[in-house]
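First the structure, then my questions, so here it is.
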Amino acid sequence: MQETLFIVKPDGVKRGLVGEVLRRIERRGFKLTRLEMRQADKAILARHYEDLLEKPFYHQIERYMMEGPLVVGTFYGPDAVKTWRKTMGVTNPAEADMGTIRADFAMGPDENGDMRNVVHGSDSVESAEREINIWFGEG
Ligand code: DAT
Ligand code: MG
């Protein structure tokens with residue numbers, strides 16, 4: 001069993017896709033363990049996306065992820081991390097396989113270059129542990 005962290009990003013919340021995302025988690029048989037609506041700030045994003053801080057597009061990630069409330073949660077089940085990454089599709093929705101969340105509900109970078117891809121998922125068991133601690137840990 002594994003636990004992973006997912007986020008319905010601000011575009012997903014704004015577009016009413018929270019239920020759709022939760023449906024895909026639950027109907028697969030995964031068990032939700034945490035669920036919260038939050039407003040991200042620069043500090044939590046800097047921890048969450050610490051690997052991307054030096055990227056030229058980091059300011060776009062900040063703007064996108066802070067433009068409204070997001071929904072962050074965790075679920076567990078067999079191979080949860082990899083299965084969720086497959087369910088989301090690859091980072092750029094324009095390149096994601098049909099049937100994935102990112103392909104079904106997004107179209108790729110917008111006119112500002114923001115990669116509006118609706119959802120997040122931890123990319124490894126280690127990242128999941130790290131991210132769960134960032135969003136739901138003590139400090
Ligand atoms: P993923 O979310 O698939 O794990 P990532 O960790 O490489 O992808 O990047 C995190 C987020 O940063 C991604 O969901 C959207 C944004 N992003 C990635 N590459 C980008 C780019 N070239 N331009 C703008 N935003 C980008
Ligand atoms: Mg990532």
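Filter segment 117-134 for residues that are assigned to a loop (DSSP other than H, G, I, E, B) and surrounded by 21 or more Cβ atoms within 10 Å (Cβ to Cβ); which is nearest to ligand 2 (Cβ to nearest atom)? Full working, then the answer.
Applying the first criterion (assigned to a loop (DSSP other than H, G, I, E, B)) to segment 117-134 yields 117-118, 122-124.
When the remaining residues are screened for being surrounded by 21 or more Cβ atoms within 10 Å (Cβ to Cβ), the result is 117-118, 122.
Numbers: Asn117: 10, Val118: 14, Ser122: 8 Å.
This residue is Ser122.
Those residues that are part of a helix (DSSP H, G or I) and surrounded by fewer than 20 Cβ atoms within 10 Å (Cβ to Cβ), I need them from segment 89-102; list them, please. Walk me through how you get there before you give the answer.
Of the residues in segment 89-102, the ones part of a helix (DSSP H, G or I) are 93-95, 101-102.
Those that are part of a helix (DSSP H, G or I) and surrounded by fewer than 20 Cβ atoms within 10 Å (Cβ to Cβ): Ala94, Glu95.
Residues in segment 102-116 that are in contact with a Pro (Cβ under 8 Å, 6 or more places away or on another chain) and within 16 Å of ligand 2 (Cβ to nearest atom): how many?
4
Let me ask something else about it. Working only within segment 66-88, note down all residues that are in a helix (DSSP H, G or I) and not hydroxyl-bearing (Ser, Thr, Tyr). Talk me through it step by step, then tell me what you get.
Going through segment 66-88, the residues in a helix (DSSP H, G or I) turn out to be 80-88.
Within segment 66-88, Ala80, Val81, Lys82, Trp84, Arg85, Lys86, Met88 qualify.
How about segment 54-77: which of its residues are touching a helix residue (DSSP H, G or I) at 6+ places or on another chain (Cβ under 9 Å) and acidic (Asp, Glu)? Let's see the steps before the verdict.
Initially, segment 54-77 is screened for residues touching a helix residue (DSSP H, G or I) at 6+ places or on another chain (Cβ under 9 Å), giving 55, 58, 61-62, 64-75, 77.
Result: Glu62, Glu67.
Taking Asn112, is it open to solvent by 50 Å² or more (accessible area, probe 1.4 Å) and polar (S, T, N, Q)? Walk me through it before giving the result.
Numbers: open to solvent by 50 Å² or more (accessible area, probe 1.4 Å): yes; polar (S, T, N, Q): yes.
So Asn112 fits the description; yes.
What pairs can you find where one residue is in segment 76-96 and among the β-branched types (Val, Ile, Thr), the other is open to solvent by 10 Å² or more (accessible area, probe 1.4 Å) and within 12 Å of ligand 2 (Cβ to nearest atom), and their Cβ atoms are less than 7 Å apart, with a gap of 6+ or different chains?
Val81/Ser124; Thr91/Met115
Hey, another quick one. Select from segment 99-133 the residues that are over 22 Å from Val18 (Cβ atoms) and more than 12 Å from ligand 1 (Cβ to nearest atom) and list them in ascending order.
Hits for segment 99-133 are Glu111, Val125, Glu126, Glu129, Arg130, Asn133.
Please count how many residues of segment 30-74 are in contact with a strand residue (DSSP E or B) (Cβ under 9 Å, 6 or more places away or on another chain) and either open to solvent by 50 Å² or more (accessible area, probe 1.4 Å) or within 15 Å of ligand 1 (Cβ to nearest atom) (or both).
First, the residues of segment 30-74 that are in contact with a strand residue (DSSP E or B) (Cβ under 9 Å, 6 or more places away or on another chain): 30-40, 44, 48, 65, 69-74.
Those still in the list that are either open to solvent by 50 Å² or more (accessible area, probe 1.4 Å) or within 15 Å of ligand 1 (Cβ to nearest atom) (or both) too: 31-40, 44, 48, 65, 69-70, 72.
Qualifying residue count for the region: 16.
Test Val21 against the criterion of being in contact (Cβ under 8 Å) with a residue 12 or more places away in the chain, aliphatic (A, V, I, L, M) and within 15 Å of ligand 2 (Cβ to nearest atom), and give yes or no. Quick ask: steps written out before the conclusion?
Working: in contact (Cβ under 8 Å) with a residue 12 or more places away in the chain: yes; aliphatic (A, V, I, L, M): yes; within 15 Å of ligand 2 (Cβ to nearest atom): no.
No.
Can you tell me which residue among Gly73, Gly68, Gly113 is under 15 Å from Gln2 (Cβ atoms) and touching a residue at least 40 places away in the same chain (Cβ under 8 Å)? Show your work before the answer.
Details: Gly68 fails: under 15 Å from Gln2 (Cβ atoms); Gly113 fails: under 15 Å from Gln2 (Cβ atoms).
Matching residue, one of Gly73, Gly68, Gly113: Gly73.
Now a separate question. Go through Lys42, Lys82, Lys86, Lys31 for me and flag whichever is away from ligand 2 (no atom under 16 Å from the Cβ), within 27 Å of Met1 (Cβ to Cβ) and either at pLDDT 95 or above or touching a helix residue (DSSP H, G or I) at 6+ places or on another chain (Cβ under 7 Å) (or both). Step through it out loud before you land on a result.
Numbers: Lys42 fails: within 27 Å of Met1 (Cβ to Cβ); Lys82 fails: away from ligand 2 (no atom under 16 Å from the Cβ); Lys86 fails: away from ligand 2 (no atom under 16 Å from the Cβ).
Within the list Lys42, Lys82, Lys86, Lys31, the selection yields Lys31.
The values are calculated or read from the model by the stated rules, or taken from the named source; none is laboratory data. These numbers come from a predicted model, not from an experiment. Reconstructed Cβ throughout: ideal geometry from the backbone, glycine too, with neighbour counts over all protein chains shown. Side chains are part of the model used for accessible areas, which takes the heavy atoms of the whole protein and leaves out ligands, DNA and RNA. Shrake-Rupley method; radii C 1.70, N 1.55, O 1.52, S 1.80 Å.
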